[in-house]
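Let me begin by presenting the structure, written as structure tokens, before commenting on it.
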Amino acid sequence: MMRSRRRFLIFFAAAGALLVAFIAWPLLRTLLASPPAVLWRTWQEGEVRAAILLTFGASAAATGLALLFGIPLAYVLARADFPGKTLVEAVVDIPVVVPHSAAGIALLMVFGRQAFLGKAFALAGIRFVSAVPGIVIAMLFVSLAFLVNAARDGFRAVDVRLEAVARTLGASPWETFWQVTFPLAWRSVLSGVIMMWARGLSEFGAVVILAYHPMVAPVLIFERFESYGLAYARPVASLVILISLGVFLILRWVGRDAKR
Amino acid sequence: MMRSRRRFLIFFAAAGALLVAFIAWPLLRTLLASPPAVLWRTWQEGEVRAAILLTFGASAAATGLALLFGIPLAYVLARADFPGKTLVEAVVDIPVVVPHSAAGIALLMVFGRQAFLGKAFALAGIRFVSAVPGIVIAMLFVSLAFLVNAARDGFRAVDVRLEAVARTLGASPWETFWQVTFPLAWRSVLSGVIMMWARGLSEFGAVVILAYHPMVAPVLIFERFESYGLAYARPVASLVILISLGVFLILRWVGRDAKR
Amino acid sequence: MQSVDGESLRLEGLTVAAGGFRIANLNLEVAAGEYFVLLGPTGAGKTVLLETVAGLHRPLGGRVWLGGEDITAAPPEARRIGFVYQRQALFPHMTVAENVAFGLALRQQPRWKRALPGPGRRARRRASRRPEVAAMLALLRIAHLADRFPAHLSGGERQRVALARALVLRPRLLLLDEPLSALDPQHREALRAELRRLHAELGATVVHVTHDFEEAVALGERVAVLHRGRFEQVGTPEAIFRRPASRFVAEFVGMRNIFAAEAEPGNGRTARLRARGLIAAAVTARRGAVHFAVRPEDIVLARHPLDSSLRNVFQGQVAAVEQRGALAYVTVAVPAPEGEPLPFVAAVTAPSLENLRLRPGETVWLGFKASAVHVF
Amino acid sequence: MQSVDGESLRLEGLTVAAGGFRIANLNLEVAAGEYFVLLGPTGAGKTVLLETVAGLHRPLGGRVWLGGEDITAAPPEARRIGFVYQRQALFPHMTVAENVAFGLALRQQPRWKRALPGPGRRARRRASRRPEVAAMLALLRIAHLADRFPAHLSGGERQRVALARALVLRPRLLLLDEPLSALDPQHREALRAELRRLHAELGATVVHVTHDFEEAVALGERVAVLHRGRFEQVGTPEAIFRRPASRFVAEFVGMRNIFAAEAEPGNGRTARLRARGLIAAAVTARRGAVHFAVRPEDIVLARHPLDSSLRNVFQGQVAAVEQRGALAYVTVAVPAPEGEPLPFVAAVTAPSLENLRLRPGETVWLGFKASAVHVF
């Protein structure tokens, strides 16, 4: 690389460094503000631990549901051409742009106590408002696109000709999927799973409308901030950011291998 | 396509259809619950209109800042190899997994009234807490990755050899960027701009902590829901969802062309 | 090694549209054990045709018969047709031996087990140690690669694995889609020899698709030239090389000396071809406006008038000499009574070029037999 | 058309490491106006070498001289070196004429204007109507494509545009990186003729990289064979073809009859080569363990004993006949006193094959001149 180009890149890099600092600084500041002892004491609080575990559990449940129904959807989007495909792909992506509190209202319109589905599920003993199932569907709604899109891209990256050859070697479509397509795409799927799970953990707006209680961690942070102020909310925020970073590191590690 | 494969795909499509319905139904239900006359009346309310316009404006400002600093960053990430590049890419992505209310707390730690940067900016007359600049940085923090990643992928898709040839034809690095690289990547950049803008519009958790007032649209929905209940929040939610869908359609239309 | 028992293939009015290509109403018969080459330029729909025979596309019309059985509606997994793509069609998550054992492993497992990811892998490992796999690896000279992954193989090695994987199931028909095109010249030549040997040893029926005429000549017992979704000519490579049925075929197989002419009756079976007033003798029954062509290597050059056994002898000026590896192509401009000189290209070997000391501008004699003139 | 004023290129101890390739301490001189071909297999680092000459990589050591000027540290935009890649290096957002005008437009604008997107486009449009552009498009026979976008061109047309874009700036040196490799055979031949013509008409200095020996022979005034980051041989194509300096070069240029032998003194300037007891005469001063090679087209076949002007005449059995387009390769097994027979491959034209009626198993005579034996 010649000197003129190097100078050019350094100029660009300087501009970019400002942005990187803008993200890294607040996060580091928050983490460093709470020494390990404080974090440990925060973790010991029953309310905090319950909120964090509930957040993890609900997000995992949402991810499980998405796996069951989202993998087939992703494969169909990757391989089949059908009328309305563009529309279906668009619908999957919509939740990214819908304001989260509006998404919560929309879910309440369908799963609320007076709504049709809400009543139908109530007969089976499942309540959504101010209950764990409500948290799960709120997380599912806002984070589904991450899993479906990652899996779809993973499936799309598997050469169709590999599937064709497997067929000529005696494999049915179902066998081809499990023995060729899925093993080749699973890292993308896994990366989507972690991404979706992490996005579910971080959801606040939709959850707070559907189920303020039982409190998930982001709601707990908000509650403490509103009721008692920054000093009281900060240790919980530090703890949650630390956990998010851990999840994030796993995500990067998996995603990196998927690209190979 | 042979019959056995068709049957297989239809089975998969059925599973996926449930998910698509899960997303589409609540959104449609919310839109249909408010007839055009109600939407129009809602739009006439000064508070609603102010909130929506503030949301648009603040998100546009955040996107503008990201353009100025994010485009150089994206180009450097697409073209240069340097130690710590993986770390920088990671930092850009972190806000996606940090819970939004925790992100708000983190920003408050740096831009709050008592914090170093907050005080520094206050000297220049810029306040962040409960003010428009706070909304802008909250949006910037959570949505930056969309623009940087889209632009980076766009730049990466431009063949390095095109830049090399431009150099041999007499163009400096700066000229090569503006006459070859950027014109070829601009659709990806534009798609990232719209995506970031839409994601900024939808932010609630980080904004609500940094600046409950002046109210952006997602906060207004939350406020009305908490204070007066679903029936009062619904028209605003419908209006906001309608606008989001409009933005989204533009986004898809631009993104589609970018793939060609 | 057991033989493969190739069966005959018959296409009856086959019509397919897929991937932007359309093939209409195609008929073809390939005998059991025959090595049949489908020759055509890129974009002629050759791959789509093969994929349809393998059952990967549903034809819009017509039937596919394999050894007397109508397989038009059979799914690909029930056809026992081997398929080798141009490249990148090895399973990258399996070793070479597991790739080859893929089909065998499927056959061994009960149906319910084959549909799960875990047991499939174990069965594949077990099957990869079976003697058929070892024998097939040995036959293709890749036994030493058994435990490697495809990413670490050369292009030629990969194609050997793909062949072994198809052949180990003893297919009733083997389809090869440009199997040599992605290889570099050395590997290409070696694998071409391998294909010839395998066909001779195993007796498989092979349909081999290529855009390379040399490949077709080297391998095919019969060749079909596909152009715009239909066959322009079907016959032995020799027949296509010597007697192309159309201008497209002639150019595609590398004929150089193609001229428009008027065919007039000559004496006996010959005709007089008048091209810009120049008259050449040819063996043909055609009359009127025709094209004629002479292969460069059928044209003899000399510094002195040629002896009289050649019916067509002309004098001209050397216009250009182009060295191309083992051969040199000499362009000789033969003055025509009406209009511009006719440029004839003759192929000579390097030693002859040296002996004749041909240089642009020099006068030479060129000659060719009446039977070497092809009229179409 | 103005000529291009090619200048000489000198590489002095050039060392580069980039893109996984390493080239160490390379020396090379290309004369002004010369057509120089760099020949080497894929992965030999040829592209990296060209990119370094163009200034796109910074060498770790050594110098690059262009026409007596040291340009080692000059940025690429100051070098006036034209570069044509194998493919896909046209600007897809500009028409053909705008692509060609790209460099001219840059030169016309003040520096501050060149760095903005808008004016650049307008200047390009204006420059695309300049007479140099039209003349260059005409020279490359692409005037009719001026307003098309690259996406709608064939591979051959794209390469013509890339050539025009480089040549219109009258480069001091033109670098061609496998410019013909991505083309199909018909276009490749046409563009090869075009390159020869352009070089003759314009007098540019050209360094052309390829992995195709035929291309090197057809175009190069001198050829360098690059292998593992160093030159194995530099010379005329004829010299490399006839007298390869190493086994790698011999195989790379397609020599087939390579045998290990013991060289003993013969009479006069000749040596006696003893290969498994068989004795061949050769013109060489080498003694001891050597390899020798004979080109297939230098071997003459006959059904009767050959006349005595050939120094090396042997009798053998035809082992195989392989048709390859215009030539047939006949393998003749010549019995050796000690050990297995030596397989000689001879190239004959199709008509000779017919005349000799060669079939496997038949006895033939083969002969070659002592001067056709290459010892290395």
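Dividing the summed helix terms, -39500 (n - 2.57) for each DSSP H run of n ≥ 4, by the number of residues in chain A produces a 222 nm estimate of -27000 deg cm²/dmol to the nearest 500. Each Lys and Arg Cβ is given +1 and each Asp and Glu Cβ -1; about its Cα centre, segment D:255-375 then shows a dipole of about 280 debye.
Listed values for segment D:279-288 are Karplus-derived 3J(HN,Hα) couplings in whole Hz (6.51 cos²θ - 1.76 cosθ + 1.60, θ = phi - 60°), namely 10, 10, 9, 8, 9, 7, 9, 5, 9, x, and x replaces Gly and Pro.
Taking amide hydrogens as placed 1.01 Å from N in the peptide plane, the amide H of D:Phe83 sits under 5 Å from those of D:Leu175, each at least 5 positions away in sequence or on another chain.
Over all other residues within a Cβ to Cβ distance under 13 Å of D:Ala224, the charged ones net out to -1, with Lys and Arg as +1 and Asp and Glu as -1.
A Gaussian network model of chain B, with springs between Cα atoms under 10 Å, assigns the largest mean-square fluctuation among B:Ala37, B:Ala51, B:Ala151 to B:Ala37.
Note: relative contact order over chain A, using C-alpha pairs below 8 Å and six or more positions apart, is 28 percent. For chain C, relative contact order (Cα pairs under 8 Å, six or more residues apart, normalised by length) works out to 16 percent. Rounded to the nearest 10 degrees, the inclination of helix C:96-108 to the longest alpha-carbon principal axis of chain C is 60 degrees. What residue among C:Leu56, A:Leu201, D:Ala78 has its Cα farthest toward the positive end of the dipole of the protein assembly as shown, where the charges are +1 on Lys, Arg and -1 on Asp, Glu, each on the Cβ? Result: A:Leu201. With its label point defined 7 Å out from Cα along the Cα-to-Cβ axis, D:Val313 lies at 2.9 nm from the matching points of the other copies, in increasing order. Full extension of the chain segment joining B:Lys85 with B:Leu32 gains 14.3 nm, where the gain is 0.36 nm per residue of separation less the Cα-Cα distance.
So what's the back-of-envelope 222 nm ellipticity for chain C, counting only DSSP H runs of four-plus at -39500 (n - 2.57) apiece and dividing by all residues, rounded to 500? Can you show the working numbers first?
Working: 11 runs with 103 residues, N = 376.
It comes out at -8000 deg cm²/dmol, rounded to the nearest 500.
With its label point put 7 Å out from Cα toward Cβ, D:Ser371 sits 3.6 nm from the same residue's point in the other copies, in order from shortest. The local environment of D:Gln233, defined by Cβ-Cβ distances under 12 Å, has a net charge of +4 under the rule Lys, Arg +1 and Asp, Glu -1. Label-to-label distance, A:Leu68 versus C:Glu29, with points set 7 angstrom from Cα along the beta-carbon direction: 5.8 nm. If you take all other residues with their beta carbon under 9 Å from the beta carbon of D:Gly55, and give Lys and Arg +1 and Asp and Glu -1, the sum is +1.
Projecting the Cα atoms of D:Pro131, D:Val37, D:Phe21 onto the charge dipole of segment D:14-168, computed from C-beta unit charges around the Cα centre, puts D:Pro131 farthest toward the positive end. A simple charge model with +1 on the Cβ of Lys and Arg, -1 on the Cβ of Asp and Glu and nothing else charged puts the dipole of segment B:38-259 at about 120 debye relative to its Cα centre. Taking the label point 7 Å along Cα→Cβ, A:Gly125 and its counterparts in the other copies are spaced 6.5 nm apart, in ascending order.
Under a model in which nothing but the beta-carbon of Lys, Arg (+1) and Asp, Glu (-1) is charged, the protein assembly as shown shows a dipole of about 1380 debye around its Cα centre. Seen against the Cα atoms of chain D and their longest principal axis, helix D:185-202 is set at about 70 degrees.
Modelled this way, with points 7 Å down the Cα-to-C-beta line, the labels at B:Ala122 and C:Asn267 are 11.9 nm from one another. Cβ-Cβ distance of C:Glu338 and C:Arg287, R₀ of 22 Å, FRET efficiency by 1/(1 + (r/R0)^6): the value works out to about 0.65.
I'd like the distance between the alpha-carbon centres of segment B:188-233 and segment D:1-42, rounded to an integer number of Å. The two parts, judged by their Cα centres, are 61 Å apart. On the basis of the beta-carbon distance and an R0 of 41 Å, D:Arg243 and D:Ala134 show a calculated FRET efficiency of 0.30. Each residue of segment C:14-20 was assigned a 3J(HN,Hα) from its phi angle through the Karplus curve 6.51 cos²θ - 1.76 cosθ + 1.60 (θ = phi - 60°); the sequence is 5, 10, 9, 9, 6, x, x Hz, with glycine and proline shown as x.
Just so you know, all these numbers are worked out from the coordinates, no wet-lab data involved. Just so it is clear, the model here is predicted, and its values are computed rather than measured. Here the Cβ is made from the backbone with ideal geometry for all residues, glycine too, and neighbour counts use every protein chain on show.
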